[in-house]
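Step one of this worksheet: look at the structure below.
The values are calculated or read from the model by the stated rules, or taken from the named source; none is laboratory data. As the structure is a prediction and not an experimental result, all values here were calculated from the model. Backbone-built Cβ (ideal geometry, glycine too); neighbour counts: all protein chains shown. These area figures cover heavy atoms from the full protein model, side chains too; ligands, DNA and RNA do not enter into them. Shrake-Rupley method; radii C 1.70, N 1.55, O 1.52, S 1.80 Å.
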Amino acid sequence: MSKSSKKQKQGPPKRSTLQIIALIYVAIHGIIFWLTARSMPGAEDTTLTLSLFGVASLASIIAAVAMWYWKRWGVYLYVVATFVLAGVVLLQTGNMIMFFGAIIPMFLVLYVFSKVFKHFK
C-alpha cells in the first residue's frame, strides 16, 4: 500500500477534551443568549429580536453538531450565528461589554479548532 492511500484512509484526528468542551459550549451559547434576550428591557415589545435570537440559537446548535462531524460549514454557521446574536444584543442594549461577551468566546472556539481546521470537510 502506498503512502498516499494510507493518508486517504486516515480519518479526522481524535478530539481533545478542550475541543469537546468547546463544542458543548457552542451548543449552549445560543441558549444562554436566548435567555438573556428574554430578560432584556423591552424584549417583549420586539418580536424581531426574539425571532433573531431563536434562529441564531438554533443555528448554534446545528453548528455544534456539524462541527462534531467535522463539517466546515458548521464553523461558518457558528460565526454567522454569533455575529447575529452579538449584533442584536448591541442594538437592543447598546452595551459593548455584552457585545464582546458574545464575540470573544467565538474567537476562543476558533482558536481551539485552528490546529485541526484542515480536517474539516
Return a yes/no flag: does the range 75-90 have any residue that is more than 16 Å from residue 28 (Cα to Cα), of a type outside the set (A, V, I, L, M) and in contact with a Gly (Cβ under 9 Å, 6 or more places away or on another chain).
-> no
Kindly indicate whether residue 59 is more than 13 Å from residue 22 (Cα to Cα) and either among the acidic types (Asp, Glu) or modelled with pLDDT of 85 or more (or both).
-> yes
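To keep it simple, each residue is scored yes or no on (1) closer than 21 Å to residue 86 by Cβ; (2) crowded, with 19+ Cβ neighbours inside 10 Å; (3) modelled with pLDDT of 80 or more.
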site	(1), (2), (3)
2	no, no, no
6	no, no, no
22	yes, yes, yes
30	yes, yes, no
40	yes, no, no
46	yes, no, no
55	yes, no, yes
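Which residues, taken from the range 96-121, are assigned to a helix (DSSP H, G or I) and open to solvent by less than 30 Å² (accessible area, probe 1.4 Å)?
Residues of the range 96-121 assigned to a helix (DSSP H, G or I): 96-119.
Those that are assigned to a helix (DSSP H, G or I) and open to solvent by less than 30 Å² (accessible area, probe 1.4 Å): 102, 103, 105, 106, 109, 113, 116.
Please verify whether the range 72-83 includes one or more residues that are outside any helix (DSSP H, G or I) and among the small types (Gly, Ala, Ser). Step through it out loud before you land on a result.
Going residue by residue through the range 72-83, those that are outside any helix (DSSP H, G or I) are none.
No, every residue in the range 72-83 fails to be outside any helix (DSSP H, G or I) and among the small types (Gly, Ala, Ser).
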Looking only at the range 73-95, and only at residues there that are at pLDDT 90 or above and surrounded by fewer than 17 Cβ atoms within 10 Å (Cβ to Cβ), the one that is nearest to residue 35 (Cα to Cα) | 83
Does residue 51 fit the bill of being crowded, with 17+ Cβ neighbours inside 10 Å and either at negative phi or without any contact (Cβ under 8 Å) to a residue 40 or more places away in the chain (or both)?
-> no
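Scan the range 73-85 and tell me whether some residue there is hydroxyl-bearing (Ser, Thr, Tyr), under 10 Å from the mean Cα position of the chain (by Cα) and farther than 12 Å from residue 23 by Cβ. Write out each step before concluding.
Just the residues of the range 73-85 that are hydroxyl-bearing (Ser, Thr, Tyr), to begin with: 76, 78, 82.
Retained after the next criterion (residues that are under 10 Å from the mean Cα position of the chain (by Cα)): 76, 78, 82.
Right, trim to farther than 12 Å from residue 23 by Cβ and you get 76, 82.
Yes: the range 73-85 contains one or more residues that are hydroxyl-bearing (Ser, Thr, Tyr), under 10 Å from the mean Cα position of the chain (by Cα) and farther than 12 Å from residue 23 by Cβ.
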